[in-house]
Amino acid sequence: MSPTVHASAVLVGARAVLIRGPSGSGKSKLAGELIASAHHNGPGHGLGRLVGDDRVHLQAAHGRLLVRPAETLAGLLEVRGVGVRRVAHEPAAVVGLVVDLGATDAERLPQAEQQRCEIEGVILPRLAVAAGAAALPAVLALLTSGQPPAHFPAGAIRS
């Protein structure tokens, strides 16, 4: 299996949101918010389920980026001020969006090249979030719009 990377991932609907950022940037917080948001909207409004928190494995396969939890952390989610909690989780998912928290290139109106990234040879839509900015509203806006960020090249998301 591939080495782990410092990131969290949540399956929302059919695709996972990969959350990257420096320590303390809010990766676990955003993961918990995405899970809670999906459950709050009720059945049929999108599955919100943890894939992995803090450390995940990434692997390119057939033009897709797969994410899996680190074995020792599978099903564990840190809730700041509460501690580590066991939650239901998915053993693997296909990444559909990358969120970079604490991004130094975050802009109010980002350029096309800022709205995508390449991981393991797979090009994915990307959302750059400035340090201290609330990430959840922008993530939910992208997920519920049914389309990738503006200017994302057609066909670049491999499904």
*For residues in the range 1-27 being surrounded by fewer than 19 Cβ atoms within 10 Å (Cβ to Cβ) and not in a strand (DSSP E or B), which is modelled with the lowest pLDDT?*
Met1
*In the range 65-91, what residues are β-branched (Val, Ile, Thr) and without any contact (Cβ under 8 Å) to a residue 40 or more places away in the chain?*
Thr72, Val82, Val84
*Within the set of pairs 6+ apart or on separate chains, which have a first residue in the range 119-144 that is buried (at least 17 other Cβ atoms within 10 Å of the Cβ), a second that is charged (D, E, K, R) and at pLDDT 95 or above, and C-beta atoms under 6 Å apart?*
Ala128/Asp100
*asked:* If the requirement is being closer than 17 Å to Val10 by Cα and part of a loop (DSSP other than H, G, I, E, B), which of these qualifies: Pro91, Pro110?
replied: Pro91
*Looking at Leu77, is it more than 18 Å from Leu124 (Cβ to Cβ), out of contact with any Leu (no Cβ under 9 Å at 6 or more places or on another chain) and among the aliphatic types (A, V, I, L, M)?*
no
_Output for the range 58-91, where each listed residue is of a type in the set (Gly, Ala, Ser), exposed (fewer than 11 other Cβ atoms within 10 Å of the Cβ) and on the phi > 0 side of the Ramachandran plot_ = Gly81, Gly83
*Quickly run through the range 57-80 and pick out the residues that are among the charged types (D, E, K, R) and either more than 17 Å from Pro3 (Cα to Cα) or modelled with pLDDT under 90 (or both).*
Arg64, Glu78, Arg80
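The values are calculated or read from the model by the stated rules, or taken from the named source; none is laboratory data. If you're wondering where the values come from, they're calculated on a predicted model, not measured in any experiment. Positions of Cβ are backbone-derived with ideal geometry, glycine not excepted, and every protein chain shown enters the neighbour counts.
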